[in-house]
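> A single structure is presented below for examination.
The values are calculated or read from the model by the stated rules, or taken from the named source; none is laboratory data. Here the structure is a predicted model, which means the values were calculated and not measured. Glycine also receives a Cβ, built like all others from the backbone with ideal geometry; neighbour counts cover every protein chain displayed.
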Amino acid sequence: MKPVKRRGLLIILSSPSGAGKSTLARRLMQWDETLSFSVSATTRPPRPGEVDGREYYFRSRPEFLAMVEAGEMLEHAEVFGNFYGSPKGPVEAAIADGRDVLFDIDWQGGQQVTNSALKDAVVSIFILPPSIAELERRLNTRGQDSPGVIAARMSKSQAEISHWAEYDYVLINDDLDTCDAALKTILMAERLKRNRRPDLVGHVRNLNTEFEGLKT
């Protein structure tokens, strides 16, 4: 087995609905095809065009709760009457193999992952909107939700934003391209951190061996 050059990252993206985390996540995946996206399980019904195992693992409420009881979820939460959660097995395997995993989850899920056994791999990023008026405009423009659901999301956004200080990085998405560039910079820097690169020990050992050779 070849040695893993660095430990995989567990990248958490969180934001209030409409701030742009899903769009940024898609861009990040297109930029680096080695990234794995953590496909969540949910009890909500699929929307038109969604496929089980691609957008979500669609599960009944009893099935989802059985997975939680069996310890198969890295994190889970109930949001707007539906459960969402991240199956643990695929994430653990990717991190151990040196691959990065991207999470598009809310602050509740972010807290659970940050406090899990995989906390040392976590890089957490919160996306803020430029204004509340712009947040509401984006929710209305994307046309995915009814006026009632949009109102509920706006009502919840203040509580979600209140958790911004719990994250390693905070970006304001006032310009998508600028925010996207900042996100990629964060990822590149985190990958180069010394404590994430076990290969450096062997490299420095080889350098010291070369020094010894110069002395003979």
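> Has segment 188-206 got at least one residue that is within 23 Å of residue 20 (Cβ to Cβ) and surrounded by fewer than 14 Cβ atoms within 10 Å (Cβ to Cβ)?
yes
> Next question, about the same structure. Name the residue that is surrounded by the fewest Cβ atoms within 10 Å (Cβ to Cβ), counting only residues in segment 114-146 that are farther than 30 Å from residue 194 by Cβ and of a type in the set (Val, Ile, Thr).
141
> Any chance you could count how many residues in segment 56-112 are farther than 21 Å from residue 156 by Cβ, exposed (fewer than 15 other Cβ atoms within 10 Å of the Cβ) and acidic (Asp, Glu)?
Selection size over segment 56-112: 3.
> Taking the residues in segment 1-49 that are in a loop (DSSP other than H, G, I, E, B) and β-branched (Val, Ile, Thr) as candidates, determine which candidate is surrounded by the fewest Cβ atoms within 10 Å (Cβ to Cβ).
Looking at the filtered set, the residue picked out is 34.
> Can you spot a residue in segment 186-201 that is modelled with pLDDT of 95 or more, touching a helix residue (DSSP H, G or I) at 6+ places or on another chain (Cβ under 6 Å) and in a helix (DSSP H, G or I)?
No, there is no match, as no residue in segment 186-201 is modelled with pLDDT of 95 or more, touching a helix residue (DSSP H, G or I) at 6+ places or on another chain (Cβ under 6 Å) and in a helix (DSSP H, G or I).
> Starting from segment 11-36, take each residue that is under 19 Å from residue 109 (Cα atoms) and touching a residue at least 60 places away in the same chain (Cβ under 8 Å) and list its partners that are of a type in the set (Phe, Trp, Tyr) and surrounded by 19 or more Cβ atoms within 10 Å (Cβ to Cβ), counting only C-beta distances under 8 angstrom and pairs at least six apart or across chains.
11/103; 12/103; 12/167; 13/103; 14/107; 14/126; 14/167; 15/126
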